[in-house]
Ligand SMILES: *Cc1c(COP(=O)(O)O)cnc(C)c1O
C-alpha cells in the first residue's frame with residue numbers, strides 16, 4: 001500500500017512537470033485514478049494518500065466498491081462503454097460520466113438522475129482516430145449531439161473525452177495529433193456558444209502529450225496501480 005502512495009507522488013510530479021514544460025497553468029490538470037479491476041482496499045490506500053477522484057469502467061464492480069467506500073468522500077467517474085440498460089446505476093451513483101456517445105443514453109441518464117443530487121457531469125466521447133475505434137461519436141455528428149445534451153435538464157455538459165487508437169513507436173507529433181483535434185473540437189463548440197471546460201484525454205502511455213495539447217483531466221491506471229491482469 002505504501003507503494004500506491006509513492007506512485008501517486010511520482011505521477012503528481014510528472015503532471016506538474018508537464019504543466020511547466022508546456023506552459024500550462026500550474027494545477028490546471030486533474031488526475032483521475034483509474035481503479036477498474038482494483039480492489040476496494042487499494043482505492044482506500046490511494047484515498048489515504050490524498051487521491052479523491054476515481055474512474056471505473058464496469059458498473060457492477062464499481063457499485064460494489066462505491067458501497068464499500070461510502071465512508072470516504074470520493075468522486076466517482078464512469079469511463080467505460082455504456083449499455084442503455086445500465087444508465088440507472090450510473091445516474092444514481094456517479095458524479096461524472098465521460099463516455100456518453102449517443103443521445104438515447106444521455107436522455108436516459110438525465111431522466112434517471114435523482115432530484116436529490118446535483119446534475120450529472122458529462123463528457124462526450126469522440127471517435128477521434130477514425131476507423132480504428134468503434135466507440136465515440138463521429139466528429140461530424142458532435143455539434144448536434146453536444147447541443148442536444150447541453151439542453152437536458154439533469155445533465156451538465158462539461159467537455160469531451162477521447163481514447164486515441166494506439167500507435168507504436170510513434171514520434172511526439174503523431175501522438176499529439178489526435179489530442180490536438182479534440183482540443184480544436186472543444187474550441188469550436190465553445191465558439192458556437194457552449195461553455196465547456198473539460199478535456200478528458202491522456203492515459204499512462206501518453207498523458208504528457210495530452211497535457212501538451214490542453215488536457216484538463218488525465219485518466220491513469222497502470223502507472224499508478226501496476227499492470228492489470
Ligand atoms: C483503463 C482506462 C484508462 C487507464 O488506462 P492506463 O493505460 O491503465 O492508464 C483510461 N481511460 C479509459 C477510458 C480506460 O478504460
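What order do you get for 23-29, 177-183 when each peptide is scored by the mean count of other beta carbon atoms within 10 Å, highest first?
Details: 23-29: 12.0, 177-183: 19.7.
The packing order, highest mean first, is 177-183, 23-29.
For the chain, modelled as a GNM with alpha-carbon contacts under 10 angstrom, which of 95, 77, 22 fluctuates the most?
The residue with the greatest mean-square fluctuation here is 22.
Please say if the chain is rounded, prolate or oblate, where rounded means a/c under 1.5 for a ≥ b ≥ c the square roots of the C-alpha gyration tensor eigenvalues, and otherwise the choice is prolate for a/b larger than b/c and oblate otherwise? Intermediate results must be reported in sequence, preceding the final value.
Details: a/c = 1.61, a/b = 1.05, b/c = 1.54.
Since a/c reaches 1.5 but b/c is at least a/b, the shape of the chain is classed as oblate.
Starting from the Cα of residue 73, step 7 Å along the direction of its Cβ; do the same at residue 151; then give the gap between the two resulting points in nm.
Here the answer is 3.8 nm between the modelled labels.
Tell me the relative contact order for segment 2-225 as a rounded percent, counting alpha carbon contacts under 8 Å between residues six or more apart. Don't jump to the answer; show the numbers that get you there.
Numbers: 417 pairs, mean separation 45.8, N = 224.
It comes to 20 percent, rounded to a whole number.
Comparing 44, 176, 168, which has the greatest mean-square fluctuation in the GNM of the chain with Cα pairs linked when under 10 Å apart?
Of the options given, 168 has the highest mean-square fluctuation.
Calculate, in nm to one decimal, what residue 85 and residue 192 gain on full extension: separation in residues at 0.36 nm each, minus their alpha carbon distance. List each step's numbers first, then the result.
Working: separation 107, 0.36 × 107 = 38.52 nm, distance 3.23 nm.
Extra length from residue 85 to residue 192 when fully extended: 35.3 nm.
What number, in percent, do you get for the relative contact order of segment 22-147 if the mean sequence gap of Cα pairs under 8 Å and at least 6 apart is divided by its residue count? Can you show the working numbers first?
Numbers: 172 pairs, mean separation 20.9, N = 126.
About 17 percent, as a whole number.
Provide the gained length on full extension for the span residue 52 to residue 169, in nm with one decimal, where the gain is 0.36 nm per separating residue minus the Cα-Cα distance.
On the way: separation 117, 0.36 × 117 = 42.12 nm, distance 3.32 nm.
Taking 0.36 nm per residue and subtracting the Cα distance, the gain is 38.8 nm.
Let me have the 222 nm mean residue ellipticity of the chain computed from DSSP H runs of 4+ only, each contributing -39500 (n - 2.57), with the sum over all residues rounded to the nearest 500. Display every interim value, and only then the final one.
Numbers: 9 runs with 95 residues, N = 229.
Value at 222 nm, helices only: -12500 deg cm²/dmol.
Please label the shape of segment 108-178 as rounded, prolate or oblate, based on the square roots a ≥ b ≥ c of the eigenvalues of the alpha-carbon gyration tensor (a/c under 1.5 means rounded; beyond that, a/b larger than b/c means prolate, else oblate).
Working: a/c = 3.10, a/b = 2.44, b/c = 1.27.
Here segment 108-178 falls in the prolate category.
Considering only 32, 72, 157, give the residue with the highest GNM mean-square fluctuation for the chain, with springs between Cα atoms whenever their separation is below 10 Å.
Fluctuation is largest for 72.
A short reminder: the numbers here are calculations on the coordinates, not readings from a lab. Only a predicted model underlies this, so the values are computations on that prediction, with no experimental measurement involved. FYI the Cβ positions are ideal-geometry reconstructions off the backbone, even for glycines, and counts take in every protein chain you see.
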